[in-house]
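The values are calculated or read from the model by the stated rules, or taken from the named source; none is laboratory data. Model, not experiment: these values are computed from the prediction. Every residue, glycine as well, gets a Cβ built from its backbone with ideal geometry; the counts of neighbours run over all protein chains shown. Heavy atoms of the whole protein, side chains included, go into the accessibility calculation; ligands, DNA and RNA do not. Shrake-Rupley method; radii C 1.70, N 1.55, O 1.52, S 1.80 Å.
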Amino acid sequence: MPDCRFLFSLPILLLAVPAFAQGSIVKSDKANFRVETFATGLENPWSLAFLPDGRMLVTERPGRLRILDKDGKLSPPVEGVPAVAAVGQGGLLDIVLAIEGPQPAFRCTEIRQRGPCAAPPSACRKACPIARAFLAAETAWRQSLAEVTMADMNAAAAAESFDEKRRRQFRDWLAAAMQ
């Protein structure tokens, strides 16, 4: 099984490391890969998330969110990103796509029907065990979230703050964010 940390860090490497010669083969203990620059003009790119249409969201540690289209064109910074404290180990770091609506987060692509041991569609009428396990976990997660309101989270977070001043700041921040 491939090392997923390597697979997820590779796109960032391709964005951030001009030190390797373009198109050169880089050899490592895990894999050999070719470095291809597909975006320039980013300051400390940190994370990316693929959009359904093939574009990518790219975070820059200083606090910018950009959109990179399929042709390598980089958007201006996306407006409306909250302020970021890019000090110490802080900054605009990881990004993931939100799960919208009732669509399941895990979508089975029926790998059972591809490859050298492919099963016919008639043998795959029932969802595979992996898809069933993910759906069960997601259903439990969604049910658990449905039982918690924003007011509940606000009250819990305010109660866990260190002092009254921070509780007021948090309530004000949350109220503004909810508008």
Along the stretch 68-74, what does the Karplus equation 6.51 cos²θ - 1.76 cosθ + 1.60 (θ = phi - 60°) give for ³J(HN,Hα), rounded to whole Hz, x for Gly and Pro? 10, 7, 5, 8, x, 6, 9
Neighbour net charge for C108 - beta-carbon separation under 14 angstrom, K R +1, D E -1: +4
Accessible-area value, F38, 1.4 Å probe, nucleic acids and ligands omitted, Å²: 70 Å²
Using a 1.4 Å probe and ignoring any ligands, DNA or RNA, find the accessible area of S28 and quote it in Å² to the nearest 10. 50 Å²
Heavy atoms of I111: accessible area, 1.4 Å probe, square angstrom to 10: 120 Å²
Accessible area, probe 1.4 Å, largest first, for residues T139, T40, T59: T40, T139, T59
Label model pair E36, R168: point-to-point distance (7 angstrom along the Cα→beta-carbon line) in nm is 5.7 nm
Give me the log10 of I(q) over I(0) for the stretch 62-179 at q = 0.11, 0.16, 0.19 Å⁻¹, as the Debye formula computes it from C-alpha points; what are the numbers? -0.72, -1.08, -1.18
How many angstrom separate the Cα center of the stretch 95-134 from the Cα center of the stretch 25-75? 27 Å
Run through every distinct alpha carbon pair of the stretch 20-70 and return the Kirkwood hydrodynamic radius in angstroms, one decimal place. 12.6 Å
Ranked from the most accessible area to the least, with a 1.4 Å probe and all protein chains present, what is the order of E79, E60, E160? E79, E160, E60
